[in-house]
Amino acid sequence: MSLHDAATLVQDGMSVGIGGSTMSRTPMAMIWELIRQQRRHLSCARSIVSTDGDLLFGSDVADEITTSWFAQGILWGLSKVMRHHVETGGKRFYEWSHMAIGMRFRAGGMGVPFLPIRSMLGSDVLRQRPEAKTFECPFTGETLLLVPALNPDVALIHVQRCDPYGNAQIDGLQFMDIDLAMAADRVILTTERIVSNEQIRRAPDQTKIPFFCVDAVVEVPFGAAPHECFGVYEPMMRHMEAYVAKVNADPVEGMRDYLARHVYEPGSWTDFLSLIGLDELLEASNRGRSIYND
Amino acid sequence: MSLHDAATLVQDGMSVGIGGSTMSRTPMAMIWELIRQQRRHLSCARSIVSTDGDLLFGSDVADEITTSWFAQGILWGLSKVMRHHVETGGKRFYEWSHMAIGMRFRAGGMGVPFLPIRSMLGSDVLRQRPEAKTFECPFTGETLLLVPALNPDVALIHVQRCDPYGNAQIDGLQFMDIDLAMAADRVILTTERIVSNEQIRRAPDQTKIPFFCVDAVVEVPFGAAPHECFGVYEPMMRHMEAYVAKVNADPVEGMRDYLARHVYEPGSWTDFLSLIGLDELLEASNRGRSIYND
Amino acid sequence: MTDVPHCTAAEMLAILSARQLADGQVVFAGVGIPLLAATLAQRLRCPGLTILFEGGVIGAFVEPGKLPPSTNDQRCTKRANMVLGSADVLLLLQRGYVDVGFMGGAQIDQYGNLNSSFIGDPAAPRTRLPGTGGGNDISSLTNMIVAMKHERRRFVKAVDFITSPGFIRGNRTRAESGLPAGGMFRVITELAVFGFDDESRRMKVLALNPGVSREQVQDNTGFELIFDDPLSMTAPPTDHELGTLRHLDPERLFTA
Amino acid sequence: MTDVPHCTAAEMLAILSARQLADGQVVFAGVGIPLLAATLAQRLRCPGLTILFEGGVIGAFVEPGKLPPSTNDQRCTKRANMVLGSADVLLLLQRGYVDVGFMGGAQIDQYGNLNSSFIGDPAAPRTRLPGTGGGNDISSLTNMIVAMKHERRRFVKAVDFITSPGFIRGNRTRAESGLPAGGMFRVITELAVFGFDDESRRMKVLALNPGVSREQVQDNTGFELIFDDPLSMTAPPTDHELGTLRHLDPERLFTA
């Protein structure tokens, strides 16, 4: 399936769970395609949001983002794009603790309406989230917090490899992707490569997402660029730095310019990759693969 | 550490979680050692109990077993040993659904007092378990069941390999062992082999149990015999069949005889393996490794 | 029992059960006849049947002649699509990813409730049976097919103990017990194929096995059966079905 | 700030923070100074320090010159003991396997509450900060060390918003909020090392950094400090500490 066709599974107004975390295994190609298709009013959720959130707000694709942390990355401080859209009141950033986000996806994936946790209690993070319920444990009498299941309409997840049916193998850090895949009503996988079902069956204990969760599979090499994909490439930091400098200098015009040149103008994802540049792609790949060098 | 020394971590009257399931990755060497040390009044819990339960009841090591299914194996029908000890009233078999056992270990491993599930409702299995609580969901109004956390005093788990600190890698079927390891207050690992920490660090995404859960590591080749250990050996069916024939013919005298000859008399675990016989060990190994042949 | 002498009762069960499965389904299969029948269906008509096992297996593809002695053995994982924790494979039922559960049964009643726990009073049982295993979870959370021997003592008006819930006491009592989804779909025996009445949820004969009469079924059943009208007659096992089955289980591990 | 001119404020923070860790501990470290300080402790005195990262890493052993730009990057996993889901690594805190959490801070108050969410009214914030990440979970569930810049606007009487709870409003209010375990243990700045009074739970100066006066600390703090009696003086960074630190972060990614 093409990026274009897979993206049509995401409809205006849907809730969308996003795999990976911060700058890792972000389904950037699919987000890029949703921006090109001018999807609107999405309600997104992700463990930790980085420049993917900038793009979703800056392009007006998402109205709200549920996450525990939203900045471009620790190296660049606050996201001026997030600040602009949230502080001026147009967009909403719903904050939960990181574990709460995880347990919300996990409850969704387990098919139960909530899970109990012991954090967020006593904090103002909880005061902002009346949808979580403080609860006296009937077994111990302790105070616990029940966080509601989060079952996105669709999840976007990028993996190292999967078969044509969607049996996906994820190397290294899984983040919350397995729970997210189980929780979402539909899953769109982008993958560095599509392998045969025979290959999947040779190492079934490496399979992390079963095909029956998955509704679309798109092969997109460098599909997480300019973020990293474990064991394949590290983040493309020169591109990231140029991006951050541009959008933090002017969250509106800088973003408009970035979207025009890097999202709308390229004819294809490969054309976008060309803008990052082969030298940076090769460097990032070299660093990415180095995790297996020793 | 030796089997003997590790077994001293298990004290009379403790609750003991047992890893593996049915005839797979059962920590048989550790159970064998506990019988030899004449441990008493244990309260054991396991996902599915096979001949390990026979031995625990027949040797008078355990007073009660919490599980979802207790027989020697589907091939042999009911366990006459279990029937004898439960029906005459001396021993207790507490039945939960398989998922309920799993969620009880998981709650214990997550550090919460309970988890919600949707099974057991409406059944007489639930009527026998007043310690589970039917609950009206504050989010959806549905009826759910809250099952209490199960945190054994000690868990016995057999793995394919771990390092001297207890970082353990499990191949193939994990059963409930990861949750059990997190849930138990102490963990005794038996392992087919001890590998270096360097080797563990080469493939950290294969590590399933972190060392800080683990209190003792014992290298015991064929430590699950006569049951199977994924990728290493399949069950030793001739020994199993002879065992079942003996104990089902007379659950008291047959068991007494088996324990005398196979548990008390051997000078070591290796001596016990000799009673299984090298031919059967080699056959079982050949079948066990065959999972990787294609 | 049947007019097909070249076929044991267990083989008949396996073949008729396999016919109940459809290509593309996700089926959660217990050990014994269910495992064998699901594998048979996979080889005969349903290459896209996804078989789940309680040990933690998705997309099993069991090798002929290497049937696993339990669904927790490594043989269950050979050429599978995915291996996961055994609680996690059960959670797939709770999340709604499983189309059908498929188990054996020791004792069943008119509402499709199964007992595999106690014969007699649970406080002082005449027989302590092995217990539920995953059976309670599977029957609580999805649509069930049960394959079992047809004997009057096994087909009772009310089971001594509801281990795996069918329709509880009929009508809407299952949903009222907190089980809104699933329920007993089919029971397969060496005599007939059964469904359940849409309203009363009582057991109903849908089709008689070859050479079996209504009376024979009723006489071997401890409660009054409903008979579908018109009542179907099941086609006998074909040589292809039987041959494939025997290829899968040449040692008659599950079809003795 | 200090009398040790060869050392930046960030380097001082990293070195003094590293000294707070003990061999054999399990420490949950955030990105930046905490990651660097924990790694420094591991190389200097604590080879058996187990470092956890939020991305899902146990037993990290970060390579010199290859500091990860977040705790979710692959570099965090190099030579680690275990990689697991990011919710699961947080659950280790809830289960009680973690001895100490270690984070940076943007704003802290006299009871050790941290704010990384809002400056101003949350309904119409002057500044929307990045949010809690794992900070709320870590500070809710274990003993905390915080390393942060010492500025009067960052050390306030009461934070605008409690993102990561310290002792809430002091005394027993933390436990009464449903947080029986953990709490703020140490705060490290370029000026001093702080603990918290056992009863009131107010912030207390335990030791002054080299060349720093009581007045200097109080003047840079927006609430009244308690001073330990006797008050200790922290030993200056050694060349070995500083050399090892610079070897780890030669590009000054976190120590600029």
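Each value in this text was obtained by applying a stated rule to the coordinates, not by laboratory testing. The shown structure was predicted, so the numbers you read here are calculated from the model rather than taken from an experiment. All Cβ positions, even for glycine, are placed from backbone atoms using ideal geometry, and neighbour counts span all protein chains on display.
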Subject >> Rg/Rh (Cα only; Kirkwood hydrodynamic radius) as it applies to the range B:63-119 >> reply: 1.08
Original post:
Going by the alpha-carbon gyration tensor, a ≥ b ≥ c the square roots of its eigenvalues, is the range C:55-114 rounded (a/c under 1.5) or, if a/c is not under 1.5, prolate (a/b greater than b/c) versus oblate?
Top reply: oblate
Original post:
Can you give the FRET efficiency for C:Ala22 and C:Ala235, using 1/(1 + (r/R0)^6), R0 = 22 Å, r = Cβ-Cβ distance, to the nearest 0.05?
Top reply: 0.85
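For the range D:9-248, what's the relative contact order in percent, using C-alpha pairs closer than 8 Å and at least 6 residues apart?
It rounds to 18 percent for the range D:9-248.
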Subject >> Inter-site label distance for C:Glu215 and C:Arg153 at 7 Å from Cα along Cβ, in nm >> reply: 2.5 nm
**OP:** Evaluate peptide D:29-40: per residue, the Cβ atoms of other protein chains within 10 Å of its Cβ; return the mean as an integer.
**Re:** 1
Subject >> Surrounding net charge for A:Asp250, when Lys and Arg each add one and Asp and Glu each subtract one, Cβ distance under 10 Å >> reply: +1
Subject >> Sequence-distant residues sharing a close amide H with A:Lys208 (under 5 Å, placed H) >> reply: A:Ala168, A:Gln169, A:Ile170
**OP:** Translational diffusion coefficient, Stokes-Einstein: compute it for chain C using the Kirkwood radius over C-alpha pairs as Rh, at 37 °C and 0.692 mPa s, and state it as an integer in µm² s⁻¹.
**Re:** 180 µm²/s
Original post:
Let a ≥ b ≥ c be the square roots of the eigenvalues of the Cα gyration tensor of chain B; is it rounded (a/c under 1.5), or, if not, prolate (a/b larger than b/c) or oblate?
Top reply: oblate
**OP:** Considering only chain B, pick the residue with its Cβ nearest the axis of the rotation onto chain A, and state the distance in whole Å.
**Re:** B:Leu115, 4
**OP:** Considering only lysines 8 or more places apart in sequence, or on different chains, count the pairs in chain C whose C-alpha atoms sit under 20 Å apart.
**Re:** 4
Subject >> Residue (of A:Asn293, A:Gly277, A:Ala155) at the positive-pole extreme of the range A:150-294, dipole from beta-carbon charges >> reply: A:Asn293
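Which of the peptides B:4-16, C:156-168 is most tightly packed, and how do the rest follow, going by the mean number of other Cβ atoms within 10 Å of each residue?
Ranked by mean Cβ neighbours within 10 Å, highest first: C:156-168, B:4-16.
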Original post:
What is the average number of partner chain Cβ atoms found within 10 Å of a Cβ in D:117-129?
Top reply: 4
Subject >> Test item: Cα-centred dipole of chain A, Lys/Arg +1 and Asp/Glu -1 on Cβ, debye >> reply: 440 debye
**OP:** Give a residue-ordered list of calculated ³J(HN,Hα) values for the range D:121-128 (Karplus: 6.51 cos²θ - 1.76 cosθ + 1.60, θ = phi - 60°; whole Hz; x for Gly, Pro).
**Re:** 5, x, 6, 8, x, 5, 9, 8
Subject >> Cα gyration tensor, the protein assembly as shown - rounded (a/c under 1.5), prolate or oblate >> reply: prolate
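Go ahead and run the numbers for FRET between C:Arg172 and A:Ser2, Cβ-Cβ distance against an R0 of 35 Å, rounding to 0.05.
In this case the efficiency is close to 0.15.
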**OP:** Report, as an integer, the average count of C-beta atoms from other chains found within 10 Å of each Cβ along D:55-65.
**Re:** 4
**OP:** Quick one: which residues, 5+ away or cross-chain, put their amide H under 5 Å from the amide H of B:Trp69? H built at 1.01 Å from N.
**Re:** B:Val49, C:Gly133
Original post:
Which residue, chosen from C:Ser164, C:Val62, C:Ser117, occupies the Cα position most advanced towards the positive end of the dipole of the range C:9-248, where the dipole is computed from +1 (Lys, Arg) and -1 (Asp, Glu) charges on Cβ about the Cα centre?
Top reply: C:Val62
Original post:
Which FRET efficiency value, to the nearest 0.05, do you get for B:Asp271 and C:Arg252 by plugging their Cβ-Cβ distance into 1/(1 + (r/R0)^6) with R0 = 45 Å?
Top reply: 0.80
**OP:** Describe numerically, in nm with one decimal, the distance between label points set 7 Å from Cα along Cα→Cβ at A:Glu131 and at B:Tyr94.
**Re:** 3.7 nm
**OP:** State to the nearest 20 debye the size of the charge dipole of the range C:9-248 about its Cα centre, where the only charges are +1 on K and R beta carbons and -1 on D and E beta carbons.
**Re:** 380 debye
**OP:** Would you kindly derive the ³J(HN,Hα) couplings of the range D:69-84 from the backbone phi angles with the Karplus curve 6.51 cos²θ - 1.76 cosθ + 1.60 (θ = phi - 60°), listing them in order in whole Hz, with x for Gly and Pro?
**Re:** x, 8, 7, 10, 8, 4, 4, 5, 9, 4, 6, 6, 7, 7, 10, 9
Original post:
For the range B:1-80, what is the charge dipole size about the Cα centre, in debye to the nearest 20, if Lys and Arg each add +1 at the Cβ and Asp and Glu each add -1 at the Cβ?
Top reply: 160 debye
Subject >> Cut-off under 5 Å, modelled amide H: who pairs with A:Thr134 long-range >> reply: A:Leu146
**OP:** Hand me the GluC sites (Glu not before Pro) from the range A:79-132 located in a DSSP loop with no more than 14 other Cβ atoms within 10 Å, in residue order please.
**Re:** A:Glu131
Subject >> J(HN,Hα) series, the range B:173-179, from Karplus relation 6.51 cos²θ - 1.76 cosθ + 1.60, nearest Hz, glycine and proline x >> reply: 5, 8, 6, 10, 5, 5, 4
